Amino acid sequence: MKITILGSGTSTGVPMVGCHCPVCSSNDPKDKRTRSSIMIETAGKYILVDTTPDLRRQALRQRIPHIDAVLFTHPHADHVNGIDDLRGFHFIHRRVIPCHASRTTMEMVLKSFSYIFRGQEVAGYSPLMEAHIVNEPFALFGQTIVPIHLYHGSMPATGYRIDGAAYLTDCSRIPASSLSLLAGLDILIMDALRYTPHENHFNIEGALRIVEQLKPKRAILTHLTHEVAHGDESRLPEGVEFAYDGMEIAL
């Protein structure tokens, strides 16, 4: 199994429009961050986590040949609004892609993008996706996917554990019942927005507390703002890294 960080940035991306701060002006390619998403490759299948507004760019950059399933973490625009970019894959492969999410998230996605699921004959749109509501572990391409209940401020969000890896984006609190599902991780990829506090996200200090509690073999901090330079990685504890676009993680 391989995980690719498609995007490691926050909702604005980095550089942020109109900003000329040191990180937004940086020449380090690892400071160029598209909106947060990952790709999981297993048994020749490609599982996409979230459809960001940068999906087309991410798919071209990583030369993704097809998408076989999508997992949604929550319905915020920076995680779903690239859903139309799946049309290109459909034109080639003519497959309806299964997508999986909590009931709350799926209801919002269905409401916002009904034509993606029902098609729109008058406009020549075929259905692109079929919806699956998940609350319990489920099987996908020989892997067991474990939904991890999280809180993103006051709203529910979903992380996912696949084998020894977990992806927890957009969260500020992990319930005790979810922490118990995250024991013995090889890889933890998690939200660590910035240095300063934020009510809806773990900041770097808060993320490091979770890392210390869970003790994964390797921790990767993602969903980063322009407050964080990739060059700051040397300040992180041993075994903790900053994510960057295109980063590949083998399991």
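Numbers at a glance
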quantity	calculated
Scan of the range 69-94 for residues that are among the aliphatic types (A, V, I, L, M) and within 13 Å of the chain's Cα centre (by Cα), ordered by number	VAL70, LEU71, ALA77, VAL80
Subset of the range 160-186 [surrounded by fewer than 20 Cβ atoms within 10 Å (Cβ to Cβ), outside any loop (DSSP other than H, G, I, E, B) and not basic (Lys, Arg)]	ALA176, SER177, LEU179, SER180, LEU181
Pair list, Cβ < 6 Å and 6+ apart or interchain, from the range 119-135 residues that are assigned to a loop (DSSP other than H, G, I, E, B) and at pLDDT 95 or above to residues that are surrounded by 12 or more Cβ atoms within 10 Å (Cβ to Cβ) and not aromatic (Phe, Trp, Tyr)	VAL134/HIS100; VAL134/PRO147
Hits in the range 68-98 (condition: open to solvent by 40 Å² or more (accessible area, probe 1.4 Å) and in contact with a Pro (Cβ under 6 Å, 6 or more places away or on another chain))	ASN81, VAL96
Top-ranked residue of the range 27-36 - restricted to ones that are surrounded by 12 or more Cβ atoms within 10 Å (Cβ to Cβ) and in contact with a helix residue (DSSP H, G or I) (Cβ under 8 Å, 6 or more places away or on another chain), ranked as nearest to GLY82 (Cα to Cα)	ARG35
Any hit, the range 29-49, residues being among the β-branched types (Val, Ile, Thr), part of a loop (DSSP other than H, G, I, E, B) and under 19 Å from THR105 (Cβ atoms)	no
Evaluation of ALA157 against (1) assigned to a strand (DSSP E or B); (2) hydrophobic (A, V, I, L, M, F, W, C); (3) in contact with a Gly (Cβ under 9 Å, 6 or more places away or on another chain) (one fails), failing number	(3)
Subset of the range 236-251 (residues that are at pLDDT 95 or above and either charged (D, E, K, R) or part of a loop (DSSP other than H, G, I, E, B) (or both))	LEU236, PRO237, GLU238, GLY239, GLU241, ALA243, TYR244, ASP245, GLY246, MET247, GLU248
Cβ-Cβ under 9 Å pairs, at least 6 apart or on other chains, the range 37-66 side more than 21 Å from THR158 (Cβ to Cβ) and open to solvent by less than 50 Å² (accessible area, probe 1.4 Å), far side small (Gly, Ala, Ser) and part of a helix (DSSP H, G or I)	ALA59/GLY88
Residue selected from the range 195-211 under the condition out of contact with any Gly (no Cβ under 9 Å at 6 or more places or on another chain) and either among the hydrophobic types (A, V, I, L, M, F, W, C) or touching a residue at least 60 places away in the same chain (Cβ under 8 Å) (or both), by the criterion most open to solvent (accessible area, probe 1.4 Å)	LEU208
Enumeration of residues in the range 39-56 that are at positive phi and within 12 Å of the chain's Cα centre (by Cα)	ASP50
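The values are calculated or read from the model by the stated rules, or taken from the named source; none is laboratory data. It should be emphasised that the depicted structure is a prediction, and the values quoted were computed from it without experimental measurement. A quick note on method: Cβ atoms are made from the backbone with ideal geometry, for glycine too, and the neighbour counts reach across all protein chains shown. Accessible surface areas use protein heavy atoms only, side chains included; no ligands, DNA or RNA. Shrake-Rupley method; radii C 1.70, N 1.55, O 1.52, S 1.80 Å.
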